[in-house]
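Q: Here it is: the structure, laid out below.
The values are calculated or read from the model by the stated rules, or taken from the named source; none is laboratory data. This structure is a prediction, so every number in the text was calculated from the model and none was measured. Reconstructed Cβ throughout: ideal geometry from the backbone, glycine too, with neighbour counts over all protein chains shown. All accessible areas refer to the heavy atoms of the entire protein, side chains included, with ligands and DNA or RNA removed. Shrake-Rupley method; radii C 1.70, N 1.55, O 1.52, S 1.80 Å.
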Amino acid sequence: MYSAKVIDHFQNPRNIGVIEDANVVVRVGEPGCGDALLIFLKMEGEQIMDIKYKIYGCGAAIATSSIASEMAMGKTFDEVLQITETSIAEALDGLPAEKMHCSNMAARALHTAIHHYQTQLAGANSVTEFDRAQEMNYDRL
């Protein structure tokens, strides 16, 4: 059912953790199954220098968050915005159709984080998931 890459990323997830001085923190979830992803990005200019996350979810959610973090590390915003649910699934050598929403959640988190960071750079004063996530207990994910 799952590829060797999915199993590897599920059993040995990369980049798990918290970045205390992250430029942006975004939380996304999948209400249908209860998965939740909290992603922390440290950026310099328009490049992701570090990425960490906390995940609550199934094996596919863990694996897609892990591979997405590897795909985004060190990349420019334009490169990260090219990461899609399909490219995440392909990087894992495929996902079952019923688990594709997991790769969508990871891609959505990356795109949302970049959007929020660009909004912050533009000087917009808006309440974002970053503000809300600061109040979250990270250990619950």
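Q: Collect the residues in region 17-45 that are touching a helix residue (DSSP H, G or I) at 6+ places or on another chain (Cβ under 8 Å) and farther than 14 Å from H116 by Cβ, keeping them in residue-number order.
A: V18, G29, E30, G32, C33, D35, L37
Q: Looking at (1) in contact with an Asp or Glu (Cβ under 9 Å, 6 or more places away or on another chain); (2) in contact (Cβ under 8 Å) with a residue 60 or more places away in the chain; (3) open to solvent by less than 50 Å² (accessible area, probe 1.4 Å), can you tell me which one M100 breaks?
A: Here M100 clears every test but (2).
Q: If you don't mind, another one. If you scan region 105-123, which residues turn out to be open to solvent by 10 Å² or more (accessible area, probe 1.4 Å) and in contact (Cβ under 8 Å) with a residue 60 or more places away in the chain?
A: R108, T112, H116, Y117, Q120
Q: Further question on the same structure: Does any residue of region 80-90 turn out to be open to solvent by 30 Å² or more (accessible area, probe 1.4 Å), modelled with pLDDT under 85, not in a helix (DSSP H, G or I) and not acidic (D, E)?
A: no
Q: Taking the conditions exactly as written (modelled with pLDDT under 95 and under 16 Å from the mean Cα position of the chain (by Cα)), does G29 satisfy them or not?
A: Against the criterion (modelled with pLDDT under 95 and under 16 Å from the mean Cα position of the chain (by Cα)), G29 qualifies.
Q: Here is a list: V18, V26. Which entry is outside any helix (DSSP H, G or I), touching a residue at least 24 places away in the same chain (Cβ under 8 Å) and surrounded by fewer than 16 Cβ atoms within 10 Å (Cβ to Cβ)?
A: Of the residues listed, the single one that is outside any helix (DSSP H, G or I), touching a residue at least 24 places away in the same chain (Cβ under 8 Å) and surrounded by fewer than 16 Cβ atoms within 10 Å (Cβ to Cβ) is V18.
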